[in-house]
Every structure is written in structure tokens, then in C-alpha cells.
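What follows is calculated from the coordinates using simple rules that are stated; it is not laboratory data. Note that the coordinates shown come from a computational prediction; the quantities given were computed from them, not determined experimentally. Methodologically, a virtual Cβ is constructed for each residue, glycine included, from the backbone with ideal geometry; neighbour enumeration extends over all protein chains shown.
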Amino acid sequence: MRLRNWIAVVVSVLLLAAAGVVGFLVNRSALRAADAVHRADSSALGANNGTLTGQLQVNSASELSEILAEHVLHLGRDSAADRTILAAAALKSTTFQYGLLTTDRDGNVLTAGRATGLPPAGDPGWEPMKAQLRAGGPAGFSDVMTVDGAVLAAVAVPITANDSVLGYLVGINEVSRTSLQSYLVRLSSGAHETFVVDRTGRVGASSDAGRLGATLDPAVRARLGADGVQFVEYHSGKTPMIAIVYGGLTSDWSYVRTQTRSSFDGVVHDRSQTLNLTLLAMLLIGVAGISVLGYRTQVQRRRADERFQALFQHAPDLVSVLDGRGRIVFSSPSAYAVLGFTNGALTGRSVFDLVHPEDQPEMRERLAQLLDDPSGVIRLQCRIRSADDKYRWFDFTASNQMHNPALDGVVINARDVSENRAFQERLAHEAQHDPLTGLPNRRRMQDALDSSLRTAPVAVLFVDLDGFKPVNDAYGHEVGDELLRQVADRLSACVRSTDVLSRVGGDEFVVLMPGVLSEKDATTMSGRIRYVLELPFRIGGQEIRIGASVGLHLAPAAENPDAALRAADHAMYAVKHAGGSRRPGAAATGRAGRHRAAD
């Protein structure tokens, strides 16, 4: 018996040592996977921020096009009329307050809105802009230029007539005052610095305003201009650094985020080292414990294995193993309790036969990626067909165990999350919709208004019912609620498919018309709303008549959403105080960005 005990001790020690080695290897593999995920997330973040930055550059060119649409330039040399237009447009501009100028087709300055402070004609920073315009591009972007300590950049668009280019309108911005600079300052963090640089590596926007006009490290400059995301490792003095470079911006500009290598690696490496030390300590403790406990440890292990098998047999989660082609080679007994399939019924079937057709492309793509990564782990949610041909949502965690001879496949752990997902979707819907009418509520409307105003003008119509309170008092709240539902139905029939109709108060509604800056279109919609609401309502055998006071505000792109909503509200109250829907007449006209009262 003693010999058997010692054999058990020796075998246990060897097994524990092997388990420790496996733990070290798994930890190292997990660290590599975490690094890969971290780099992928950093790449996605860099590409996303770079794309947003590029859109801000494109928006600046759009502002020049809007100036051309609003004004006719004579393109004469030192034209007094053009100078007046350029100076006035610069004062109104949110991007080119520094100045505007016109050039002929060869890039020679014709008229400038300011007399001094312009970059000289020989400045090499003009060249990329001119090259893009000569190539027929819709816009041109210069490199960074410095005049009297001011860091500048220029954008140009062609001035055309009958499809012929007559010259160019050039806007110059002081980069410290641009929306792009403000955007990067909002991205500032103590862990990293963010830059937008021209093709030479000079900083045109930065999370640190003190770096404007400076030049980045030569190692980073050497990687500028290439498409996609790159990771550049270099040293700042003796400090190891890493830079994420995204070269997909307009005019060969690049988005760059730099930080120390230690901050980039973060706590993942620290935790990995801690885990290795913990594994080592556990290995030593285990060896000592096994040497003391001996045979008793073997008995406890056997009992633990029995408990594990019992738990596995009755676990509510699905555990499956797939081969390299996605066929099920093993499925846990819980498949019957969860999906209704008898034990062994799924063996040999393709997992894609059970996945919802809409979820199959993502499942195939993610599985292919997992098979290419020997230590990969993925997680996703998709719908799985049960034995009664109904689909249920499952949360999948899959790991590549093709290299593990005991499994030789992809191990999937799946948990039914159908009830949680339905509950979350219901909560999300209720949080953004009015429970009485089913329309979007004030919060949903404000989100839609904020999103629309970032890129396009919006006509805002604030609708307040006239005569609703007397109806509520005379017939009761049930009739009042039914009246509000019928009002919502009529308004829903009035608006376009792209419009947003919301209930923001007791008898108050708001209509958002994205992309509309025409007073005629907005006034037509206002008249249609008043017409349908003045028609009689039939509720409980009663004929009820009400009206509506409509406040209209034409909000240009980038206007503050709260200010736009207040302007429409004030316009509505102006109508209300003047007699509401019973007051005859029409409202005064106004340009985009101003409001009017519609009755």
C-alpha cells in the first residue's frame, strides 16, 4: 500500500508540474491573443477617428462650395466687389475666418479678402493643393504653412461655369481655431497624444495645442501617406514609443496617435506576469501538498472528477465540438433540455444548418478567422433553430482547440439569452417611445435632431394642440387619450418617411424634416398639419374639433439642437398668443437658421 501511495505521489507531482507548464503556455498564448485583440481594437479606433477627421476636412470644402452657391464672384484682379464678398463670407465662416481669396486657373491670386498675412506664392505648402486641383479633383488641400507665427492651412474648390473651370476659391484657416482642432482637443488624454499631420509630418491639428506647426519624429514621418492603419515603434530619447498611423485622409494627410509602449501594453502584461508568479506559487504549494497528502489527494481528485461529470451532464449551457468544416462531432446532453434534440441527434450535422440564415455570413466569417488563429477565442450572439423549428438567441463563446489532440476541434459554449435579449430590446424601445401613442419621445427626438444637425439642415415644427384641455375637462382623460392617439395617427400620415414625428409633452408634438431648408416645403407641411387637425374627430359617438398652433424654425447644419428646439417653441408660442389656429394670415419669411410662426 505504501508503494502505491508513493507512486500516486510521484505521478501527481509530475501531472501537477505538467499542468503548471501548460498554464504558463496558455497564459502566454492568452497574452498574445490579448495583444492581437488590443491591436485590432486600436486599429479600429484609429481608423474610426481618422475617418471622422477626414470628414471634417471634407466639410470644410463643402463650406466653400456653399459660399459659391450663395454669391457670384467676378474673378477680376483686385475686384472691389469680390473683396467685399470674400471679407463678409470670412466673417460668417466657422472655418475660414482667417481669410478667403480667389485665383485664376494657374493659381495666381486675383483678389483677397485680407490685405496682409497671406502665405507667399512660393510657399511649398501650396503645391499639394494645386496638384489636386490640376488633376481635376473636387477640392484641394494644402500642407501646413506658417505666416508671422500663425499656423495656417488652405482648402480650395474650383469655380466653374458651363462645366469649365474659371478659377478657384481658396479658404485659409488658422488651424488653432478650426473645428478639427477642437475635435482633437476633446480626444485629449494623459495616456496619448493625437495629431493630424500633412505629408511632410508637420502638425496641422493636435490634442496638445502647443504642438501645432511642429514636426513629428522621423520614424513616424517615414510611414506617412500609406493607406490603412500602421503601428510604428520608435524611441523618444530613451523611452520606447508606439504610434498608430492612419493614412486614409484627404490630400495625403494622416491621423497619428502616439503614446509610450508601456501605456499601450497597459495592465495586460502586468497581469500576465502576476498570473505566471501565481501559477508558480500554486505549483510549489501543490507539490508540497501532494507530498504530504499523497493518496488522499488522489481520492479527492477522483471525487472532484465525478462531481464535474455530474455537473456537465446537467448543465443548462450547450457544449459542442466542431471539426474544421463546421460539423458537430460532439454535443452535450443539455441539447435535449435546451433545444429539444435527443442525445446524439446533432452529431454529424453542420452547425450552419441550425444557424438563422441572416446570421450565417457572420458565423462563417468568424469561424474562419478562429480557425486561422491557433489560440483564438471569439464571442458572438446569433439565432439557433430548435427541434420545433423556432429560433432562439444564444451567446456563443468559441475557442480553437484544433491543436489539442484530446479535442481536435472548435469548442463552443452556448447559453440561451433569448429572454434577456427580448427584455433589453423592450426596455430600449420603452425608454425612447411614448407609451400612449407609440411615437418617439422627447429623448429620441433630441438624439435624432442632434444627429441630423451634424451634417444637414433640419426644419423643426413645434405643434401644440388648441382646445385640447377643454376636451379633456369635458369628456374625461380616456377621451383625451384617444384623441391624442388619433392626432398621432393623422400626423404620422402627414410626414415623409424620412421625417421624425415625436410626442414631447401632454399635447405637444415635434416634427423634424432633415435636409429641408426651404421655407416653402416647411410651410406646406405646417399647413397640412393644421388642415388634418382641424378636421372633426369621432370619439365615443362625439364629434370633437380642435386646432393646432405650429411654430417653425429652419435650422442650418451644425446649429445647437437645444437652440433650434427653443426657437421652434418660441415661434409656436407667438402663434398661440396671437390667437392660435383661429388667427388668419401667414407668417413672415426668413432665411435658413431663422424661425417663423406658422398658423
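Output the relative contact order of region 344-482, whole-number percent, from Cα pairs under 8 angstrom with separation of 6+ residues.
Numbers: 127 pairs, mean separation 16.9, N = 139.
Averaging sequence separation for qualifying contacts and normalising by length gives 12 percent for region 344-482.
Please find the FRET efficiency linking T278 to A36, where r is the Cβ-Cβ separation and R0 is fixed at 30 Å, and quote it to the nearest 0.05.
On the way: r = 23 Å, r/R0 = 0.78.
Plugging the Cβ-Cβ distance into 1/(1 + (r/R0)^6) gives 0.80.
Any chance you could run the full-extension gain for Q424 through A161? It's 0.36 nm times the residue separation minus the Cα-Cα distance, nm to one decimal.
On the way: separation 263, 0.36 × 263 = 94.68 nm, distance 5.57 nm.
Value of the extension gain: 89.1 nm.
Where does the charge balance sit around L166 when Lys and Arg score +1, Asp and Glu -1, over other residues with C-beta under 13 Å from its C-beta? Don't jump to the answer; show the numbers that get you there.
Numbers: positive: R105; negative: D82, D104, D106, D163.
Combined, the nearby Lys, Arg, Asp and Glu give -3.
What length, rounded to one decimal in nm, is gained on full extension from D521 through to A115, with 0.36 nm per residue of separation minus their alpha-carbon distance? Please report the intermediate quantities before stating the final value.
Numbers: separation 406, 0.36 × 406 = 146.16 nm, distance 4.19 nm.
The D521-A115 span can extend by a further 142.0 nm.
May I ask you to compute the full-extension gain from S291 to Q486, defined as 0.36 nm times their residue separation minus their alpha-carbon distance, rounded to one decimal in nm?
On the way: separation 195, 0.36 × 195 = 70.20 nm, distance 8.13 nm.
Working it through step by step, the gained length comes to 62.1 nm.
Need one number: nm distance between label points at S386 and D372, each 7 Å from Cα along Cα→Cβ, rounded to one decimal.
3.7 nm
Within 10 Å, count the other beta carbons around each residue, average over each peptide in 410-419, 118-127, 147-156, and list them highest first.
Highest mean packing first, the order is 147-156, 410-419, 118-127.
Charges at C-beta only: +1 for Lys and Arg, -1 for Asp and Glu. How large is the resulting dipole of the chain about its Cα centre, in Debye rounded to 20? Write down the numbers at each step before the final one.
Details: 62 positive and 64 negative charges, 304 e Å.
Dipole size: approximately 1460 debye.
Please find the FRET efficiency linking R496 to N343, where r is the Cβ-Cβ separation and R0 is fixed at 60 Å, and quote it to the nearest 0.05. Show your work: numbers first, answer last.
Details: r = 56 Å, r/R0 = 0.93.
It comes to 0.60.
Note down the nm distance, to one decimal, between modelled labels 7 Å out along Cα→Cβ at K92 and at S176.
It is 2.8 nm.
Under the rule of -39500 (n - 2.57) per DSSP H run of 4 or more residues, summed and divided by the residues of the chain, what mean residue ellipticity at 222 nm is obtained, to the nearest 500 deg cm²/dmol?
When only DSSP H runs of four or more count, the value is -14500 deg cm²/dmol.
Given 10 °C and 1.306 mPa s, how large is the Stokes-Einstein diffusion coefficient of region 71-177 in µm²/s, with Rh as the Kirkwood radius over Cα pairs? It would help to have the intermediate numbers written out before the result.
Values: Rh = 13.8 Å.
It comes out at roughly 115 µm²/s.
Let's test the formula: R0 of 25 Å, r as the Cβ-Cβ distance of A209 and H235. What FRET efficiency results, to the nearest 0.05? Write out the running numbers ahead of the final one.
Numbers: r = 25 Å, r/R0 = 1.00.
Rounded to the nearest 0.05, the efficiency is 0.50.
Can you tell me which lysines have their Cα less than 27 Å from the Cα of K520? Leave out same-chain residues fewer than eight positions away.
Counting by Cα, and skipping residues close in sequence, K520 has these lysines nearby: K92, K576.
Over 41 Å apart: what share of the alpha carbon pairs of the chain falls there, rounded to a whole percent?
Working: 96019 of 179101 pairs.
That tail contains 54 percent of the Cα-Cα pairs.
7 Å from Cα along Cα→Cβ at both A226 and Y475: what's the point-to-point distance in nm?
7.1 nm
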